[in-house]
Amino acid sequence: MANNGRRSVKQKKGPSTGTGGHGRKALEGKGPTPKAEDRTYHKAYKSKQLAERSAAKRGPARPGTGARSGPKGRATEELVTGRNSVVEALRAGIPAKALHVAIRIEMDDRVKESLKLAAERGIPLLETGKPELDRMTEEAVHQGLVLQIPPYEYQDAYDLAEETLAKWKKGHISNAPIFVALDGITDPRNLGAIIRSVSAFSGHGVIVPERRSVGVTASAWKTSAGAAVRVPVARASNLNNALKQFKNMGIYVLGLDGDGDVSLPDLTVATEPVCIVVGSEGKGLSRLVRENCDQIVSIPIDSAMESLNASMAVGISLYEVSRQRSAK
């Protein structure tokens with residue numbers, strides 16, 4: 001058969017000439033798939049950009065805040081939203097960073113009072129569009145008013161105790177130091193009420209754990225009725241370690257519990273430096289905290305009543321300590 005003048009070439013066995021690596025780059029691929037938040041066309045990218053712009057507007061967190069108003073110990077700001085809540089927060093003297101007011105807001109008595117109180121305290125007034133207020137508050141009902149609360153600046157528990165003891169020994173304060181430590185309290189209203197009682201009975205500070213504990217929020221400020229300005233709240237990275245340090249410093253650690261070793265009226269160390277530890281109403285003191293107390297103190301109550309609210313128990317205990325100190 002004719003082959004049209006073409007000669008067939010017989011392939012030889014053995015190695016053939018390579019490409020010299022020209023196809024290596026194509027074989028390597030494009031690498032791992034970028035994260036969703038790094039892909040400009042993805043929804044997660046836009047969300048990340050919004051979050052970064054919001055953080056930039058708030059500015060860096062204040063130094064010295066210690067731990068946690070936010071997760072993992074990071075200090076965060078708080079927003080008070082709604083006309084009633086904002087005006088009440090301003091009346092209570094809660095520290096504020098800025099008051100955001102909606103553009104062309106419809107005026108009423110609450111808005112007028114909020115603007116007046118903010119101006120008197122030198123709180124910046126920021127006219128803000130409704131879409132931005134919606135975004136800031138994550139679509140919460142704000143009624144055109146949003147109060148920006150900076151993170152609370154906590155003292156260190158050990159430093160507070162050491163400084164207070166030093167002042168007492170030098171005669172700068174007349175009464176022996178008295179502190180209240182919270183074990184498992186998560187309701188900010190309880191914290192606010194406890195701060196108020198500590199102020200009423202000349203206490204020197206409140207100690208809260210860094211984790212799984214309430215912090216000084218706008219609600220705590222409001223419930224304290226202004227006492228949060230006068231009573232320092234300190235944070236302990238580990239409450240049990242803090243209590244051990246207090247004992248080494250000569251502070252008697254007294255745990256409040258219904259099954260106490262001693263009844264509150266029979267307390268004999270009321271005139272000494274003391275730290276009263278209160279647990280949650282449901283669980284009470286944790287096992288390790290009980291072990292680190294010098295005494296477990298019970299408050300005599302009617303047997304029909306199972307337990308007292310934490311803030312009530314603290315108030316009664318502080319009154320008894322104050323009464324015994326006055327009697328001597």
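Read-outs: derived from the displayed coordinates by stated rules, not from any lab. What you see is a predicted model, and the numbers here were worked out from it, not measured in a lab. Neighbour counts run over all protein chains shown; Cβ positions are idealised from the backbone, glycine included.
Find, among the trypsin sites (Lys or Arg not before Pro) in the stretch 221-251, those assigned to loop by DSSP (not H, G, I, E, B) with at most 14 other beta-carbon atoms within 10 angstrom.
Qualifying residues, ordered by number: 230.
Calculate the translational D of the stretch 160-199 in whole µm² s⁻¹ from Stokes-Einstein, where the hydrodynamic radius comes from the Kirkwood formula applied to all Cα pairs, the temperature is 10 °C and the viscosity 1.306 mPa s.
The estimated diffusion coefficient comes to 136 µm²/s.
Over the residues of the stretch 155-327, compute the C-alpha Rg and express it relative to 2.2 N^0.38 Å.
My calculation over the Cα atoms of the stretch 155-327 gives 0.94.
Express as a percent, rounded to the nearest 5, the fraction of DSSP beta bridges in the stretch 155-327 (both residues included) that run antiparallel.
5
If neighbour count is taken as other Cβ atoms inside 10 Å, put 179, 246, 201 in order from fewest to most.
Ordered from fewest to most neighbouring Cβ atoms within 10 Å, 179, 246, 201 come out as 201, 179, 246.
To the nearest 0.05, how large is the calculated FRET efficiency for residue 127 and residue 97 if R₀ is 25 Å and r is the Cβ-Cβ distance?
The pair residue 127/residue 97 has a calculated efficiency of 0.95.
Using only the Cα atoms of the stretch 66-149, build the gyration tensor, take square roots of its eigenvalues as a ≥ b ≥ c, and label the shape rounded, prolate or oblate: rounded if a/c is under 1.5, else prolate if a/b is larger than b/c, else oblate.
Taking the square roots of the gyration eigenvalues as a ≥ b ≥ c, the stretch 66-149 is oblate.
Under unit Cβ charges (Lys, Arg +1; Asp, Glu -1), what dipole magnitude, rounded to 20 debye, does the stretch 163-248 have relative to its Cα centre?
That gives a dipole near 160 debye.
Choose one of 80, 141, 131: the residue whose Cα lies farthest towards the positive end of the charge dipole of the stretch 66-149 (beta-carbon charges +1 Lys, Arg; -1 Asp, Glu; about the Cα centre).
The residue sitting farthest along the positive end of the dipole is 80.
If you count the DSSP beta bridges with both ends in the stretch 66-149, what percent of them are antiparallel, to the nearest 5?
65
May I have the convex hull volume per residue, in Å³, for the Cα set of the stretch 75-202?
145
Just want the ordering: 145, 318, from fewest to most Cβ atoms lying within 10 Å of their own Cβ.
318, 145
Within 10 Å of each residue's Cβ, count the other Cβ atoms and sort 217, 137 from fewest upward.
Lowest to highest Cβ neighbour count: 137, 217.
Test of understanding: express the Cα radius of gyration of the stretch 208-263 as a ratio to 2.2 N^0.38 Å, with N the residue count.
1.40
If you place +1 on the Cβ of every Lys and Arg and -1 on the Cβ of every Asp and Glu, how big does the dipole about the Cα centre of the stretch 222-292 come out, in debye to the nearest 20?
460
Under a point spin-label approximation (7 Å from Cα along Cα-to-Cβ), what is the residue 211-residue 290 distance to one decimal in nm?
Computed distance between label sites residue 211 and residue 290 equals 2.2 nm.
Restricting to lysine pairs 8 or more places apart or on different chains, what number in the stretch 66-149 have Cα atoms under 21 Å apart?
Qualifying lysine pairs in the stretch 66-149: 4.
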